[in-house]
Every structure is written in structure tokens, then in C-alpha cells.
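Below is one structure, written out as C-alpha cells; the observations come after it.
The values are calculated or read from the model by the stated rules, or taken from the named source; none is laboratory data. All values derive from a computational prediction rather than experimental measurement. Every residue, glycine as well, gets a Cβ built from its backbone with ideal geometry; the counts of neighbours run over all protein chains shown. Surface accessibility is based on the protein's heavy atoms, side chains included, excluding ligands, DNA and RNA. Shrake-Rupley method; radii C 1.70, N 1.55, O 1.52, S 1.80 Å.
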Amino acid sequence: MNSGMLKLTLLLLLAATCATCSAPATVPPSVNSSEPEMQADDQEHAPPGYYENLPQETYVPGQYDARFRPKFHFTPQSGWMNDPNGMVYFAGEWHLFYQHYPDGNEWGPMHWGHAVSTDLVAWEELPIALYPDEKGYIFSGSAVVDAKNLSGFGKGGEPPLVAMFTYHDMAAEKAGKTDFQSQGIAYSNDRGRTWTKYAGNPVIPNRRNKDFRDPKVLWNEKRQEYTMVLAAADHVEFYASPDLKNWTYLSSFGKDQPEQFGVWECPELIPMQIEETGEDAYLLIVSTNKGNPNGGSGTFYYTGHWDGENFTKLTETAYNTPGTKWLDYGRDNYAAVSFANVPDGDGRTIMIGWMSNWEYAQEVPTEAWRSAMTVPREVTLHDTEFGYRIRQRPVRELEKLRGERIELGTDYLEDGLTTVDLSELEHPGVFELKFSIDMHGNSESLYFTLTDAESKDFYRFGVERGPNGASDKWLFTSRDFAGLREFDEDFTRDELTYLERFSQSSVIDFHVFFDKTSAELFLDDGLTVATDIFFPTTDFTKLTIEVNGGRADMDGYLGFSVDDWRLHELK
């Protein structure tokens, strides 16, 4: 294969459905997209003939609820859902609590919803875990297994589950007070099925800050105490406790950092190891209600050391890419947190995020229920040529959704358009896509477009060469015409979502999960991630691959070989 060829290894997999995957089962709020070379005419990013019949959709509330409910992402049976809370593994179950308003499809008096899974794939929705009370709504927080029963809440020699959450006193806020948020705890002795709130709440009164919320607790084995981090407007604060009831302020971090995009929320401190060196380090993850490089809310992280009292950032190498380290370059992954108490024999850091954005979350076109969670992702920390970066990979448990392979019968694609027929899939728009491309030559662009039979709705992602040659590549996604969009002007205010890349290799790896109304892209083995939601009103039944040719010294064409291209059916 000459240098002008574009090498592709493609594996197309269909994600299986399970009866309980999406359990038919609660404050809303740098990539430069102005580069002239990327402000191309919209028609460059649409399927052939698309603009001849530009769709005009009228949204009828509730019309598409069944169509828009995903197959393998968790959604509540009814009501509003946002941030994941209290994620913990205990007694053979993965517990997912979440911000929930059961009596409406918009943000309201916050409860903790609850679901469990034995495999991180199929989720069973349980009764509401925590209800608002006279102290306020139940905002975000975390849960731990109090293995040594330091709280004294345990019974019969069994450790309790202890949840820590933020009380939000709405009456005090409306009265103009600033101390309306405080921290409380609750405990369970029956595997999280029922909860008792601590009579001594709040365990941490407000420290004269109206934004004082989202406690995340972890166990400090060296000091034999609990550590907690919470968000305080423009920084995070750290606390310590011997028993989860009595807390001492330790330190703060963030006021002098450049990531002052909006209010800080949902922080987390995670012990990690740098994979290449084995060095101990910590991730400090923070979400913000605005600042996402592609618009709206987003989540970023710092890499550093934690000495039991203070967090300090790791020294980065001189060649590190400057700027904020974003967890996800799409617009729809917010408030991601990890599971506590992962078994020692497992040891993974596994995160789940809320798959939406505060700019339009309360307007998306579902009625009976609103919002889904991302797939669970394993997170690892690496010393890369672009500094300390995390990789996010779909958890291995998702492989159980794969089924028997079916040959597609082609192994070579010429410069131009190639269409893959997806009409026989049991669940339209539900599949997994995995491939790698080698763009070391003069290839100009490669687009993957998911469309319906009429090319009415489409979602696209791809690679374009920048003005500086082979080392300059733009990665993008586009949902601008992937179905309903009139419900909120911010949903498609920009044509493209731009992704930063943290590798200089000519080979780009893609791993993509489609689930009817979402796409989760993992690039370069998870160094870059993008999550998008969209709302197609017709079935996506075609995958179009478009290769755009190179320069004269390439003999005027491009091609790419397919080494392994198969389709997996649902079991």
C-alpha cells in the first residue's frame, strides 16, 4: 500500500438488547471552532442530495418517547434524571443512585433515585432511596461501605452503606439567605433498599457560601480516616473525618486555577497509578455548568498528588499541550463520578456520567422520562507525549452484548462513497463500530455518516486534514441534522463539534457505541472521547463511508483496505 492510501481496519458490532438494560424503569445552571478552513459550506457535511429536501420537523410532545428510549443505557422508567450519585459496589451489586424528580420531566424537588446491576449492563430500577424533608431537597453526593463500622450505624456485625449528600433549603434560598446548602448523611443496613437519615444532620453546616455542595467521600487507608471533597463555587474544599459524622476542614484548591468557566460542581478525588511508571497519583475531577469547549456544561480534570491534607498538581513536561484537560469533548457527558468499593480483585476505576447538557436538558423531546446515563467507562492514567492524560474505555462487560458474526461480503473501498446496509438489524441504530485509519499520506478526509433510507436525518463523524499537512488533522462530529432540533436553539447552534487529539501517530483508532439516540466515540484507545445525543424520527438504516482524494502526487485517488469487517447480530 503506497503512502497515499488510507488503511482501515473496521469491525462493526451490534449491541444486544436485554430486558432490563434501560430499566423501563435532581442546580441547572480549547478547541477553536472559528478556524476559517473548517467553516466550510454546510453541504460538505451532509449526505448527497440532502439539502434538496431539508427536513422541517414539528415536535409533538410524547410522540417519540418509545423511539427515543435507548436499548443499553440506563434511563428512569419515568420522571426527570440528572447527575449520577452514590455509586458504590456492595454485596455483589453495582449501585447507581441519581438526581431524580419523580413527579415531572423537568428539574424539581430532588430525590435520590436508585438502580442496581450485577454486571454493569442490565439495570434494575428500585424504589426511591432518599426523599426531600424539612431540611431541604436531596442534592448530589456519594456513598461508601463503612467496612469498620466507624459510624456505628452497622448491625449484626455487617457494615452499613453510608450516603453523604447536600441538603438544599429552597425556602431559605427564596428568602435571600446564602447558607441554604449543607451536608447530611444517611445509612442503610439492607443493601441500600431502605435508608435512615442521621438525627444529627447536618454534619457539615454551611461555611457562608451559597454554592456548597456535592460531597464525594473516599477512605484514606494510610491515615485510617475518611477524606471528602466538595464544591464551593469557584474551588473545591477537602475535609477529614474519623467516623463520617464529625468533619474537620483541611484545605482548598482551585481559586487560582484558570478553569473559572462557571460554578464548580460534582468534584471527585480518585487515587490512581500512572500506568507507564507505577507512580501513585490522583485525579481531581470537576464539573462546571458552562465552559465546555463545544458549548454548555462540561467536566475537566487535574492530575496531582494528595498528601492527606493538600492537593498539588503534577509538574507537566514542557511539550504538554496547554489548556484545560476535558474529560469529554462532546456536549453530553456531565457530572461523571466513579464507583466506590470496587473489589480488590478487580481494581478498576469505573465512571458513569449524565448524558445531557444543562443548556437544553429540560427541553429534549421526551415527555414521560428525561435523560440517560453514559455507558460505564474504565479510566486509567498515562504519561503521554502530551503530558498526563487519562484514557477512557468502555468496560469489558459490554462485550456480552456482542453476538454471532455475519459477513458483509466486501473487503475494498475506492475513493468516493461506500454504503453499508443496516436495515436488517433487529434494533435500528443500535450497534458498536470499531476501526483504525492510517492518514500518514495525502488523504484529505474520511467521513462516516449514519442515515435513514431517505437521507432525511443523519449523524456524522470524521477526520479532515488541516492546512499544515499530514501532522494536522481535525476530528469532528456533527448532529446538526440528526433529527429533532427545534426544541432548543442551543442544541445545534454550531454545525460541528471539534475534538482535540493527543497522539502524533498517523493511525487513528475509533471505537463507537450507537444506541438509537446517542453516540459515544473513543479515539486513540480512549485518549479523546466525545459523547453526543440526538433525536432521529426515522430509523438509521445506512452507514455511508466517504473517502475524499488527495493531491496530484498521489496518482489522483485514495483507497483503503478492510482487513476485518463483520457485523454482530443480537442474541
Residues located in the range 199-216, provided they are within 19 Å of Q99 (Cα to Cα) and part of a loop (DSSP other than H, G, I, E, B): D211, F212
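Each row is one residue, and each column tells you yes or no for (1) open to solvent by less than 10 Å² (accessible area, probe 1.4 Å); (2) within 21 Å of S338 (Cα to Cα); (3) not hydroxyl-bearing (S, T, Y).
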site: V229; (1), (2), (3): yes, yes, yes
site: D234; (1), (2), (3): no, no, yes
site: Y239; (1), (2), (3): yes, yes, no
site: P267; (1), (2), (3): yes, yes, yes
site: V286; (1), (2), (3): yes, yes, yes
site: T299; (1), (2), (3): yes, yes, no
Conditions (1) over 23 Å from A336 (Cβ atoms); (2) open to solvent by less than 60 Å² (accessible area, probe 1.4 Å); (3) part of a loop (DSSP other than H, G, I, E, B); (4) not β-branched (V, I, T); number of the one not met by L150: (2)
All strands (runs of 3 or more DSSP E) inside the range 345-395 with 3 or more residues being surrounded by fewer than 24 Cβ atoms within 10 Å (Cβ to Cβ): 377-384, 387-394
Of all residues making up the range 158-192, the number that are open to solvent by less than 80 Å² (accessible area, probe 1.4 Å), in a loop (DSSP other than H, G, I, E, B) and under 27 Å from E124 (Cβ atoms): 5
